[in-house]
Amino acid sequence: MRWRHPQHGLITPARFIPVAEDSGLIVPIGAWVLAEACRQLATWRATSQELAISVNLSAAQLHDPDLLVTLRRAIAEHGVNPAMIELELTESLLMEDVTLTIDLLQAIKALGISLSVDDFGTGYSSLNYLHRFPIDKLKIDQSFVRNMLDDPDDLAITKAVIGLGHTLGLRVVAEGVEQTEEMRVLAAAGCDELQGYLFGKPMPADDFGRWRQSFDDGNAG
């Protein structure tokens, strides 16, 4: 998500999300994002594009008693397959109240939505709890990916996270992939999915379908 301000131009989430969180606007903004994500899924499906979409959840949204209602409404209004929706949560958010978080995530999973841990490796999650969360993916933080070609420790951590995820039956995603050599190393390590500027930069949803088709055509065969 980007904010196109009439005076200040393009404003990134890193600038406006903290303000939204402090002002209490993050919950209605989050509800709008979820509804827009479902609307976009329906648009893609109408053009025979079965694409999935990921949405970040904030702490305020996770603590919102109406979160499940918001999710059900967005899915029902646009008639989308919930399996095409992935919600991303950070490690620190998962650990705030483990018991309540597990119960809520199980309720979200019951809707058919998948869950991933974003920026894995930068928080303080306990491995003792990690296997208890009903998650589907671990996303390796880009700080490890960015430095792994020059730092043996970051490379070791990256490979360890891939191994841990697979041991727990999870798919593993590497964030921040920008170089072909990073792609090669991650693929050799068994990473399931790669994300980063090497493949494409953030773009409007209307452009993404065309980019995806072009990318698929370029990799066909």
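Just to be sure, is Ile85 within 23 Å of Trp44 (Cα to Cα) and not aromatic (Phe, Trp, Tyr)? Yes, satisfied.
When Gly190, Gly196 are checked against the criterion of being at positive phi, crowded, with 18+ Cβ neighbours inside 10 Å and of a type outside the set (Asp, Glu), Gly196 stands alone in meeting it. Give me a count of the residues in segment 85-100 that are crowded, with 19+ Cβ neighbours inside 10 Å and either among the basic types (Lys, Arg) or part of a helix (DSSP H, G or I) (or both). Of the residues in segment 85-100, 3 are crowded, with 19+ Cβ neighbours inside 10 Å and either among the basic types (Lys, Arg) or part of a helix (DSSP H, G or I) (or both). Each residue in segment 165-209 was checked for being outside any loop (DSSP other than H, G, I, E, B) and closer than 26 Å to Ile53 by Cβ, and 17 pass. The residue list Asp119, Asp151 contains one member that is surrounded by 15 or more Cβ atoms within 10 Å (Cβ to Cβ) and touching a helix residue (DSSP H, G or I) at 6+ places or on another chain (Cβ under 9 Å), which is Asp119. Within segment 160-169, none of the residues are within 15 Å of the chain's Cα centre (by Cα), at pLDDT below 95 and either closer than 28 Å to Leu41 by Cα or buried (at least 19 other Cβ atoms within 10 Å of the Cβ) (or both). Of all the listed residues (Val172, Val177), the sole one being in contact with a Cys (Cβ under 7 Å, 6 or more places away or on another chain), modelled with pLDDT of 95 or more and either over 20 Å from Leu94 (Cβ atoms) or aliphatic (A, V, I, L, M) (or both) is Val172. Is at least one residue of segment 65-80 within 20 Å of Pro204 (Cα to Cα), in contact with an Asp or Glu (Cβ under 8 Å, 6 or more places away or on another chain) and at pLDDT 95 or above? The answer is no, given that none of the residues of segment 65-80 is within 20 Å of Pro204 (Cα to Cα), in contact with an Asp or Glu (Cβ under 8 Å, 6 or more places away or on another chain) and at pLDDT 95 or above. Number of residues in segment 76-128 that are farther than 22 Å from Ile157 by Cα and of a type in the set (D, E, K, R): the value is 6. For segment 104-134, give me each residue that is part of a helix (DSSP H, G or I), of a type outside the set (A, V, I, L, M, F, W, C) and modelled with pLDDT of 95 or more. Selection gives Gln106, Lys109.
The values are calculated or read from the model by the stated rules, or taken from the named source; none is laboratory data. Fair warning: this is a prediction, and the values are worked out from it, not measured in the lab. We place every Cβ from the backbone using ideal geometry, glycine too, and count neighbours over all the protein chains shown.
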